[in-house]
Amino acid sequence: QVQLVESGGGLVQPGGSLRLSCAASGSIATIYDIAWYRQAPGKEREKVAVIVKGGSTNYADPVKGRFTISRDNAKNTAYLQMNSLIPEDTAVYYCNADVRLIGRISTKNYWGQGTQVTVSS
């Protein structure tokens with residue numbers, strides 16, 4: 001099994017920054033795509049950013065130019081650097097990853113438990 005644990009959320013003023021981390025542990029052979037999603041109260045969960053194993057990235061329009069996704073494959077960890085935060089970024093942020101377990105051929109998708117980000121003055 002695989003566990004994804006997010007950290008780094010909190011309360012920040014508009015214009016501020018936060019850095020989220022997603023640490024994966026377990027019987028991991030390879031982590032493929034890692035994505036960050038967010039879900040605001042009363043809204044659908046939306047994909048914020050994704051990074052593939054080779055490092056290519058893609059972002060949702062609302063966060064382009066403000067958020068940066070990165071990964072450290074040696075540490076099985078992904079990050080989301082969030083700058084110029086606005087109140088509309090307030091949400092629970094979730095890490096999602098496609099993982100191939102040791103001894104397995106196929107991949108499986110995993111979710112973290114989420115971390116709250118609140119942008120407010």
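Rule-based calculations on the coordinates, nothing more; no lab input. Note that the structure is a prediction, hence the values are computed from the model and not measured. Cβ atoms come from the backbone with ideal geometry, glycine included; neighbour counts cover every protein chain shown.
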Looking only at 102, 51, 86, which one moves most when the chain is put into a Gaussian network model with springs between Cα atoms under 10 Å?
102
Taking one equal scatterer on every alpha-carbon of the chain, how large is log10 of I(q)/I(0) by Debye at q = 0.15, 0.21 1/Å?
-0.62, -1.14
Pick from 15, 42, 55 the residue whose mean-square fluctuation is largest in a GNM of the chain, springs joining Cα atoms under 10 Å.
42
Suppose we keep just the DSSP beta bridges with both residues in the chain; what percent of those would be antiparallel, to 5?
95 percent
Have a look at 34, 93, 60 and report the one farthest towards the positive end of the charge dipole of the stretch 34-121, computed about the Cα centre with Cβ charges (Lys/Arg +1, Asp/Glu -1).
34
Which residue, 78, 97, 23, has the most motion in a Gaussian network model of the chain that connects Cα atoms within less than 10 Å?
23
Relative to the Cα centre, what is the charge dipole magnitude of the stretch 1-71, using +1 at the beta carbon of each Lys and Arg, -1 at the beta carbon of each Asp and Glu, and rounding to the nearest 20 debye?
120 debye
